[in-house]
Amino acid sequence: MLKIRDLHSWPSTESEAVAIQQRLRPLVRVETPTATPRTAAGLDVAYRDGDALVAVVTVLDIATLAVLDSVVLRSTTTFPYVPGLFAFREAPALLRALERLTVLPDVLLCDGQGLAHPRRFGLACHLGVLTELPSIGVGKTPMGPFDAPEDVRGAWTPLALDNDVVGRALRTQAGVKPVFVSVGHRYDLDAACALVLRLAPRYRLPETTRTADHLGRIN
DNA sequence: GCGACAG
DNA sequence: ATCTTGTCGC
């Protein structure tokens with residue numbers, strides 16, 4: 001159902017990984033989404049003892065937050081955790097999980113950064129470019145400094161890296177830390193923040209990531 | 001050279 | 001990410 005573009009093989013060294021990011025970075029497209037999305041996917045990976053991991057993808061109906069589909073895939077670690085090269089650790093398993101989806105989502109919400117990345121090619125960009133699906137990065141920790149948005153749901157401040165605005169620190173609830181939203185592929189920052197707010201009516205993180213995280217813990 | 005650094 | 005007690009709040 002979902003086609004994964006064969007743009008590169010999975011590297012085993014950091015320098016190869018960086019070269020792939022630099023080669024794929026120009027393929028990212030920032031654009032206003034054509035239509036209002038009806039479904040959104042949450043992607044997450046849980047780690048187990050040793051090199052075992054569990055990749056989870058859930059598809060929710062944005063209007064009702066009902067879970068329409070979910071895939072839980074057990075796999076194993078292929079690349080160490082290196083800040084800036086996160087996709088090479090999590091994307092292989094997440095892509096295999098995405099291929100097993102029955103309901104194709106209108107947009108991907110990734111657990112990590114998109115353009116808010118040192119080379120402007122975080123996990124959300126990587127998954128977006130390889131699937132050609134619109135994608136958004138929702139991180140719990142920023143990769144750079146930021147000014148705290150006011151403590152009101154919906155408040156935000158720009159996230160800058162070097163001299164570019166690469167994302168936003170977005171307050172999804174008063175009294176909790178903001179989340180860090182950036183474009184992954186085929187989306188824009190305003191629409192991304194609006195969607196994250198709709199998906200997080202009650203908690204800090206969007207329901208998509210919460211359900212995916214939950215499934216990863218119990219499986 | 002040293003520290004910082006998505007999950 | 002994961003390892004973990006108690007505590008505050010709905």
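The values are calculated or read from the model by the stated rules, or taken from the named source; none is laboratory data. Bear in mind that the values here come from a model prediction, so they are computed numbers and not experimental data. Please note: Cβ atoms are built from the backbone with ideal geometry, for glycine as well, and neighbour counts cover all protein chains shown.
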Consider A:Thr32 carefully, then state whether it is crowded, with 19+ Cβ neighbours inside 10 Å and touching a residue at least 12 places away in the same chain (Cβ under 8 Å).
no
Could you check how many residues of region A:87-115 are away from DNA strand C (no atom under 16 Å from the Cβ) and either of a type in the set (Gly, Ala, Ser) or within 24 Å of A:Leu65 (Cβ to Cβ) (or both)?
11
Among helices (runs of 4 or more DSSP H) entirely inside region A:111-219, those with 2 or more residues being more than 19 Å from A:Pro33 (Cβ to Cβ) and modelled with pLDDT under 95 are A:207-218
So if I check each of A:Thr58, A:Thr76, A:Thr36, A:Thr13, which one is among the hydroxyl-bearing types (Ser, Thr, Tyr) and within 19 Å of A:Gly112 (Cα to Cα)?
A:Thr58
Looking at region A:124-143, which of the residues that are within 16 Å of DNA strand C (Cβ to nearest atom) and without any contact (Cβ under 8 Å) to a residue 60 or more places away in the chain is surrounded by the fewest Cβ atoms within 10 Å (Cβ to Cβ)?
A:Thr141
Considering only region A:78-110, state which residues are in a loop (DSSP other than H, G, I, E, B), away from DNA strand B (no atom under 13 Å from the Cβ) and free of Cβ contacts under 8 Å to residues at least 60 places away in the same chain.
A:Arg100
When every residue in region A:54-69 that is of a type outside the set (Gly, Ala, Ser) and in a loop (DSSP other than H, G, I, E, B) is compared, the one surrounded by the most Cβ atoms within 10 Å (Cβ to Cβ) is A:Ile62
Among the candidates A:Arg153, A:Arg120, A:Arg96, A:Arg100, single out the residue that is on the phi > 0 side of the Ramachandran plot and of a type in the set (Lys, Arg).
A:Arg120
I'd like to check something: does region A:46-56 contain any residue that is of a type in the set (Val, Ile, Thr) and more than 12 Å from DNA strand C (Cβ to nearest atom)?
no
Region A:111-123 - residue that is more than 7 Å from DNA strand B (Cβ to nearest atom) and of a type in the set (A, V, I, L, M) and, of those, surrounded by the most Cβ atoms within 10 Å (Cβ to Cβ):
A:Ala116
